[in-house]
1. Which pairs, out of LYS133/LYS176; LYS97/LYS176; LYS234/LYS327; LYS234/LYS315; LYS234/LYS290; LYS144/LYS223, put more than 29 Å between their alpha-carbon atoms?
2. Report the relative contact order of segment 74-211, percent, no decimals, based on alpha-carbon pairs under 8 angstrom and at least 6 residues apart.
3. Just to check I understand the Karplus step: with θ = phi - 60° and J = 6.51 cos²θ - 1.76 cosθ + 1.60, what whole-Hz values come out for segment 178-183, glycine and proline as x?
4. Quick one: check the C-alpha center-to-center distance for segment 107-128 versus segment 270-291, whole angstrom.
5. In 5 Å bins starting at zero, report the fraction of Cα pairs in segment 63-221 per bin as a rounded %.
6. Quick one: which residues, 5 or more positions from LEU185 or on another chain, have an amide H under 5 Å from its amide H? H modelled 1.01 Å from N in the peptide plane, none for Pro or chain starts.
7. Rank-order 78-84, 156-162 by packing density, defined as the average count of other C-beta atoms within 10 Å over each peptide's residues, highest first.
8. Return the sequence-ordered ³J(HN,Hα) values of segment 215-226 in whole Hz as given by the Karplus equation 6.51 cos²θ - 1.76 cosθ + 1.60 applied to θ = phi - 60°, using x for Gly and Pro.
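Each reported figure results from applying straightforward, stated rules to the coordinates on display, with no laboratory input. The model shown is predicted, which means the values in this text are computed figures rather than measured ones. Quick reminder, even Gly has a Cβ in these numbers, built from the backbone with ideal geometry, and neighbours come from all protein chains shown.
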Amino acid sequence: MSPDRPTPLLDRRARRRSFPTRAGRLVALVALAGLLGACAGGGAASISASPPADTTAPAATSAAASQSASASPAAAFPATLTDDSGLTVTLAAEPTKIVSLTPAATEILFALGAGDRVVGVSEVSDFPAAAAKLARDPKTTVAKFDSVDIEKVIGLGADLVIAGGGGFNPAKDLDKLRALHVPVLELDAQGGAGVDGVLRDIDLVGRATGEEPAATALVDSMKTQLDAISTAAKASGASPSVFYETGYDPTGGTIYGVADGSFVAGMITLAGGTPVTTGSTSDWAEPLEKLLSVDPAVIVLGDAAFGSTPEAVAKRPGWGALTAVKKGILRPVSDTEITRPGPRLPIGLRNLALAIDPSASLPPAP
């Protein structure tokens, strides 16, 4: 995810040092800059979607994780929480001035009804409109792709900072904030937790902000929607191999897909496909040789908004040998809702399922 481009891909890329920078053509991302996640809902068992390392079968169910997302104990203040980095965060009172350093966290806060307490955001926060307005104001824009303005955060009087773990926000900046006694809560749905991790993060934000009932309601609603979409998407039993492109650098021919255990890989599983992943939990680069050996049945272009059209892909060196290219099964999608780990994942899952199988009979759009 390039630092200068406010795209959905931004969320994922920022968290991976191995992910490309935006300077090139790169569309790779994870939607998130803000990384936001999804899972199937009604039954907790169907929510788990972290694919196994070899990606040859759907991920095993994680009922316990799903249940924890919708049944977290209410937190009174003062409260001590454990974030995705494993660190404990103590909040003396319900936060009144919240700074969000990722687009995903920003969306979650607004969805939970805490948007009126958000005083600072990253420059790529673009949803909802109120968040985009904050991102356009120099006074309330506190983070870029590769840095956090510590002075601004302190000047805004933040009593809670919600950051992106796994390298999304620079660790040195988060450590500085902690040293200044500013509570920092790190979210990292990409850390091997898959789609369940997104739901747990929504729950965590709810507890940190005193919005537990809203978080529980949101998670339950997402589960229901995701489960209905996933059940319909899997009805045919086909489960074709799917390569989801998150970026492509034409200068070096570098391809970016999805990492093992990422919630994006989980989304593909829920959408009725078998994800083609990189073989690493941290590296999103996909060697062309591996892509050729797997020969995916479907190629989904998550970087379509940045120039990766079916016509352009077909002209890439070596890609003509792929079955999906020969058959024209190259399907562009709107990446943000698919790869940003947040409240709009049901929309993303439906769009992804239709990209995998345009003939699928799915529930109406959420």
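1. With Cα atoms farther than 29 Å apart: LYS234/LYS315; LYS144/LYS223.
2. 28
3. Per residue, the Karplus-derived 3J(HN,Hα) values read 4, 5, 8, 6, 9, x Hz.
4. After rounding, the separation between the Cα centres reads 31 Å.
5. Result, from short to long distances: 2, 10, 20, 24, 23, 14, 6, 1, 0 percent.
6. Close amide H contacts, sequence-distant or interchain: VAL161, ILE162, ALA163.
7. The peptides rank, most packed first, as 156-162, 78-84.
8. So the J values, rounded to whole Hz, are 5, 4, 5, 5, 4, 4, 5, 4, 4, 4, 5, 5.
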